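Working notes, structure below.
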Amino acid sequence: MTSTETTFMYVAMCMGCGDMKAYDIPTDGYTKWKHGVKIQLAMPDVDKAIREFLKTQICGDCWDAMFALFEGDDKDVTPPSHVPPVTE
């Protein structure tokens, strides 16, 4: 984002952990995305984890934990405390 770009504070709750998240989002890019432009084209300078949160309401930590459980990822990822353990 450039220093002259108009932004707004996007605040929403993560559907995974329940934490409130707040991100500074470019107004023009957000408007373009809401009118049909692919989010990565409308907001290329916004971190991909933040763009994913805008689309899914799932934060990066919850996203990583959710998919690490299924992919056998080698990362040391601890699921958020409210997520029940996976039993096989």
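Restricting to segment 31-49, name every residue that is hydrophobic (A, V, I, L, M, F, W, C) and surrounded by 14 or more Cβ atoms within 10 Å (Cβ to Cβ).
Once the filter is applied, which keeps residues that are hydrophobic (A, V, I, L, M, F, W, C) and surrounded by 14 or more Cβ atoms within 10 Å (Cβ to Cβ), segment 31-49 yields Trp33, Ile39, Ala42, Met43, Val46, Ala49.
Can you work out which of the residues in segment 2-30 that are surrounded by fewer than 11 Cβ atoms within 10 Å (Cβ to Cβ), among the β-branched types (Val, Ile, Thr) and more than 24 Å from Asp61 (Cα to Cα) is modelled with the highest pLDDT?
Per the stated criteria, the residue is Thr6.
When segment 1-30 is examined, which residues are found to be assigned to a loop (DSSP other than H, G, I, E, B), more than 27 Å from Ala65 (Cα to Cα) and touching a residue at least 24 places away in the same chain (Cβ under 8 Å)?
The answer is Met1, and nothing else.
Scan segment 51-61 and give yes if some residue there is in a helix (DSSP H, G or I), of a type in the set (Phe, Trp, Tyr) and closer than 11 Å to Cys14 by Cα, otherwise no.
Within segment 51-61, one or more residues are in a helix (DSSP H, G or I), of a type in the set (Phe, Trp, Tyr) and closer than 11 Å to Cys14 by Cα.
Applying the selection to segment 39-49, what residues are among the aliphatic types (A, V, I, L, M) and modelled with pLDDT under 95?
Ala49
Among the numbered criteria (1) in a helix (DSSP H, G or I); (2) under 14 Å from the mean Cα position of the chain (by Cα), which one does Trp33 miss?
Of the numbered conditions (1) in a helix (DSSP H, G or I); (2) under 14 Å from the mean Cα position of the chain (by Cα), the odd one out for Trp33 is (2).
The values are calculated or read from the model by the stated rules, or taken from the named source; none is laboratory data. Worth saying up front: this structure is predicted, and the values here are computed from it rather than measured. Methodologically, a virtual Cβ is constructed for each residue, glycine included, from the backbone with ideal geometry; neighbour enumeration extends over all protein chains shown.
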